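The structure appears right after this line, and notes come after that.
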Amino acid sequence: MVGFLIRVVVNAVALAVAAWLIPGIRIGSEVAGADPSLAFTVLSYLFVGLLFGLVNAIVRPIVSLLALPITCLTLGLFAIVINAAMLMLTSWITSFTPVGFHVDTFFWDAVFGSIVIAIVSAIIGWLVPDRFDRGE
């Protein structure tokens, strides 16, 4: 359970960095008159991090398996396109929630956003010990 919560927080931080660096990625409330406080912003990022983690856990393995031949053909570079597609899918899913996560364009915003998210997640994953994943 702790490992799952850590992954949600890592996703939230990675999405926050991507939203900060890339102007086409933004998060905000779709509800009129919502409180723009720090607590609401943190909860928004955690919620989107949870949805992004669920999309990566459920949809991404299926898409990766189906795209395995083209991923091998491009020496793994197609994985960036798959990650960008998962980011766009998360953006579409959050359009049905009060918390809006918007990615403007696929090529520049989603692709660069997926690269930023992968780098930030790798750095945080390197800094956070693995003992939570192994149950020690």
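Pairs linking a residue in region 53-75 that is free of Cβ contacts under 8 Å to residues at least 60 places away in the same chain and among the small types (Gly, Ala, Ser) to a residue that is open to solvent by 50 Å² or more (accessible area, probe 1.4 Å) and in a helix (DSSP H, G or I), with Cβ atoms under 7 Å and 6 or more positions apart or on different chains, are Gly53/Arg7; Ala67/Phe78. The test for being touching a helix residue (DSSP H, G or I) at 6+ places or on another chain (Cβ under 8 Å), of a type in the set (Gly, Ala, Ser) and either at pLDDT 95 or above or closer than 15 Å to Ser121 by Cβ (or both) holds for Gly49. Ser114 passes every criterion in (1) open to solvent by 30 Å² or more (accessible area, probe 1.4 Å); (2) within 25 Å of Val128 (Cα to Cα); (3) not hydrophobic (A, V, I, L, M, F, W, C) apart from (1).
Which ones in region 9-25 are in contact with a strand residue (DSSP E or B) (Cβ under 6 Å, 6 or more places away or on another chain) and part of a helix (DSSP H, G or I)? Answer for region 9-25, where residues must be in contact with a strand residue (DSSP E or B) (Cβ under 6 Å, 6 or more places away or on another chain) and part of a helix (DSSP H, G or I): Ala18, Ala19. When Leu54, Leu43, Leu75 are screened for being part of a helix (DSSP H, G or I), open to solvent by 80 Å² or more (accessible area, probe 1.4 Å) and farther than 17 Å from Gly113 by Cα, only Leu43 passes.
The values are calculated or read from the model by the stated rules, or taken from the named source; none is laboratory data. Treat the numbers as computed from the prediction; the structure is a model and nothing was measured. Glycine also receives a Cβ, built like all others from the backbone with ideal geometry; neighbour counts cover every protein chain displayed. Protein only, heavy atoms only, side chains kept; ligands, DNA and RNA dropped before computing areas. Shrake-Rupley method; radii C 1.70, N 1.55, O 1.52, S 1.80 Å.
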